[in-house]
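Notes for the one structure printed next.
Coordinate-derived values only; no laboratory data. Being a predicted model, the structure only gives us computed values, none of them experimental. Note: ideal-geometry Cβ built from the backbone for every residue, glycine included; neighbour counts use all protein chains shown.
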Amino acid sequence: MTGSNSELIQGTLDLLALKALALGPMHGWGIQKRIEQLSADVLRVQQGSLYPALLRLQQNGWISAEWGVSEKNRRAKYYSLTSTGRRQLVSETRAWESLAAGVFRVLNTESI
Amino acid sequence: MLLIRRFLFRLLALAKRDRFDAELSAELRHHVECATDELIERGVRPGEARRIALRDVGGIEQVRAEYPDQLGFPTADSVVQDLTLAVRSLLKHPLSTAVIVLSLTVGIGGSTAIVALLNAVLFHPPPLYRAPQELVLLQQNPPDRPGIRSDVSGALYMALRAELSERTQGLAAVRAQSTASVRITDYPIGLATQAVSPDVFDLLGVSPSHGRNFISDEYREGAAGVVVLSHEAWREYFEGDLDGGDDDVIGRVIGIEGEPHTIVGIMPERFWFGSTGTDLWLPLKLRDGPDPTRRDLSIVVRLADGMSQGQVQAISRTVVSNHDAQLPADERGWGLQVFPLAGLRGFASQAAGGIRLLFIVVALTLLIVCVNVAVVMAARWSTRRREIAVRSAIGAGRLRIVRQFLTESMVVAAVGGVGGVLFAVIALRAILAAAPPNLSVIDFSLDFRTLGFALAATVVAGIGSGLLPALQRGDLRLFDELKQGGRNASGTPGSLRTRNALVILEVVVVVVALITTGSMVLAYQELADLNPGFETGWLLSFRIDLDEDRFSSDTDSGRVANAAQINSQLTAIRDRLVAIPGVEGVATSLLLPINDAIWLRRVTLASQESQETRIACTAVGAGFFETLGAPILEGRPLRENDREATPWVAVVNRSLAEAFFPNGDAIGQVIQFEGEGERPRRIVGISEDVVNRGLTMAVVPLVYIPMEQRPDTQVSGAGSRLRSFFLVRTTSDPAAVATLIREEVAKVDPLQAITRLGMVSGWLRQAADEILAGVYIIGPLVGFALILCALGIYGVLSAAIQQRQQEFSVRIAVGASRKEIIRLVLHQGLRLTSIGLLLGSLAALALTRFLASTVVVFRSTSWVVFSVSAALVIVVSLLAACGPAWRAVALDPVAALRKE
């Protein structure tokens, strides 16, 4: 209903999670926070889809996980980007940019 | 790569499923704690904060529920869930489920029954042999024709024996089964005998259940005759009770071919080697110079420890090439092959064609089953497209859906498989109860091999029929499906085409099976009607073996049968027989015209520009054609006055006349057989074709020459040239005449043995019975195939109608009459049937042609068979279409339309 609560397009969450992890290893909660912060709270991550997405990325070998201790001294699962994940991020970013540019161009044309 | 990685990941997850679950819980717990912290920082009360955090994360269970398609493989839980779902969904469509289960039951059951028969006949050495896997069979094949299997000559056996007996655990020879005249009571009876080398029983590891084995002395030339009985023969022909203690059978003397033989042993029940039904075993006496061209020995070798078939093959090859050098030029080049004993050669050579046919039919039946199930499953997929689309939309993975359908097809396959085995047991009982006695010797119980086949068939049918529709799903467009409400008229064009093609294939298969079986039944009927080209009623035949010592003389070129002396003896007997009251005609013949071996001779035909060929030849006495009742088509028969001194003549059969003298000018032509003492012969008559290689084989071109007009022939050592047959046509009960025949022959020569005295129709029946056995096996199978085909058509039409419900409703609503709807449905069914019929007929034509060239059971591809088969298929498919047609008409248009 609110424009800021826009749902993520399928596959976008994967890209955003990869991007969030590019900044450094992080646990699930942190990834969610990062995405929300980076998008200035425009994007909201559905908690129910974050963890399956992380599992999917892990299956594909783009991220790896290990248990660590958080800043609040809690046991947490930290995810980090693998080298294939980094490559994947680059190529997906490029694909996304060209897609966004295309969409943008179309929208601009229409608005005139 | 990615796929493999995902797979491995899942495998790992599966292995550590519990840990994975625990980790996921911990991770989510961490998430909730963090969220709670944040909420508290914003000033929410701790309890409330935790509640909100938990709500936001959606609850651990819900998140976990999102995983199953990604994490590991289906666990026991979800398999049970799938099963429940499958059973429920199957019960929801009871009709199509019944069609599937019935198809599977009949198909798997029918083919399992046949496989059990084949298994028992072909792949099972009789259970009595010790370590049968060590036993191999040596067989020869004509030059450059490895597909043909022949027995081995005595000479080659001796050579092989010298090389192989040391290097293996031993080898033994068994002469091909033959019929001997055996006198147990007053009348001699024809019993099946096999002559065996000394060690054969030991080699096979079977000892007599009573009495003893042969001893080496008994193999010497001139030793007193001894015989070992089969258990079955003892049961049938002797009253004595062995277990009662009084061994009144062992030691008894019976006459075999006129010679006294002492019974020394009885083999255990169900023992046989090479061919079933052997009544007696005799010691095999190989003469000094066995005829190298007489190949009549089965050679069995027991391999030494760790020895391979290849080694035996290698040794044998050397022996054969050395042996070849001693043979006449045109007898060289025969190959020698090694076979495991399990695929018994007797069947392989005699019934190869029939068994090949059986395998074809079994394979076709199974194919029909798979097609049937696939058709119905595919139809069901189509009608459930909407369900699938919805389930995909709410997040069920593709794998999950495929798995669901596989589960469904495996469930029906399992039910069908169990039903099939039960069906097979019942079918086997029924087949065996009705089968002719020559089948009943063999043990036909279901063993692990047969059950393994049933299991494999079940699994293949289950997976195949589940995957086929799943593969079709590739073209499923989710959103289109939802938009259309899963109602596109009759599935996508692609799936419709597949299903139609499958049904056409099914019809083709059934038509082929029907026509081949029909031809076989027809062939049997021809045999049963006993139309061998002559009149068989009250026609007796018997064999006379003239004593070689008395009727041959030693000359410079070896031992030669004295034709004149033989002829006078035969004439003397004939004159006596003619005088018996009730005898209408008597004729002699060198060979039994029905199913004896053929005497192939080199011949030059004047018309063929001195081109040499080999032609079959037999010598017959005066009155032969009249006694046999074989019509002379042109010219004259052979007469009393065709003597040694008169011009030499010959009568040829129709096949020969047509093959070599296509212009119809056979009469008057001159033929010249090769050989010393031969003279040119003028063809004086053409006779109607008379069966001459057994009823199951095509008539070969044959020359009949007068008994009197043949040169002295060399005695080959086997004494075969001194054998003659008599044909006696009677006007009264042949049984009474038979007694008189014996008396009269004894008056001419008290030492003269008569063998194989019996009705000619009886000899003919034997051949017919063999085919009948085949009909009994194939017939039911084709019946099953027909039922399956009907089920297939029914299934496809039902599915099509279900899909076209709305269309029909609209048609009815806008005024289409019920008749038109019925016609529409029947037309759809018949269109498929007729395409299948056409293709099937063409295929059958090709197949029967092919089979006719190998087994001549298929002498004629009759149009009757074709049209009866076609009619049967059409009627069955119409019947199958009636149900769906009726249901289409019975639709309530309003209800059907409302379903939209």
Potential lengthening between B:Val670 and B:Asp37 on full extension [0.36 nm per residue; Cα-Cα distance subtracted]
215.9 nm
Estimated inter-spin distance, B:Thr571 and B:Asp144, nm [label 7 Å along Cα→Cβ]
4.7 nm
Whole-Hz ³J(HN,Hα) from phi, Karplus 6.51 cos²θ - 1.76 cosθ + 1.60, for segment A:67-73, glycine and proline x:
7, x, 10, 7, 4, 8, 6
Order by protection proxy (mean Cβ within 10 Å, highest first), peptides B:249-255, B:824-830:
B:824-830, B:249-255
Neighbouring partner chain Cβ atoms per residue of B:102-114, average, 10 Å criterion:
0
To the nearest 0.05, what FRET efficiency results for A:Arg86 and B:Leu83 with a Förster distance of 41 Å applied to their C-beta separation?
0.40
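If we sort B:130-143, B:315-328 on the protection proxy, mean other Cβ atoms within 10 Å, highest first, what's the order? Intermediate values should be presented prior to the final figure.
Numbers: B:130-143: 17.6, B:315-328: 14.6.
So the order, starting with the most tightly packed, is B:130-143, B:315-328.
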Which whole number gives the average count of other chain Cβ atoms within 10 Å of the Cβ atoms across peptide B:25-34?
6
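For B:Gln169 and B:Leu327, what is the calculated FRET efficiency with R₀ set at 22 Å and r taken between the beta-carbons, to the nearest 0.05? The partial results should precede the final answer.
On the way: r = 29 Å, r/R0 = 1.32.
Once rounded, the FRET efficiency stands at 0.15.
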Neighbouring Cβ atoms within 10 Å as the yardstick, rank B:Met759, B:Met267 fewest first.
B:Met759, B:Met267
Near the amide H of B:Asp279, under 5 Å away, which other amide H atoms are found, from residues 5 or more places off or on another chain, if H is placed in the peptide plane?
B:Ala192, B:Thr193
Note the full-extension length gain between B:Val578 and B:Phe339 as 0.36 nm times their separation in residues minus their Cα-Cα distance, in nm to one decimal.
80.9 nm
How many nm separate the modelled label positions at A:Ala101 and B:Glu236, each set 7 Å beyond the Cα in the direction of the Cβ?
9.5 nm
Nearest-0.05 FRET efficiency for B:Thr318 and B:Leu633 at R0 = 60 Å, using Cβ-Cβ distance, is 0.65
For peptide A:31-39, how many partner chain Cβ atoms fall within 10 Å of a residue's Cβ, on average?
1
Residue among B:Asn641, B:Ile671, B:Phe660 farthest towards the positive dipole end of segment B:630-690, charges placed on Cβ:
B:Asn641
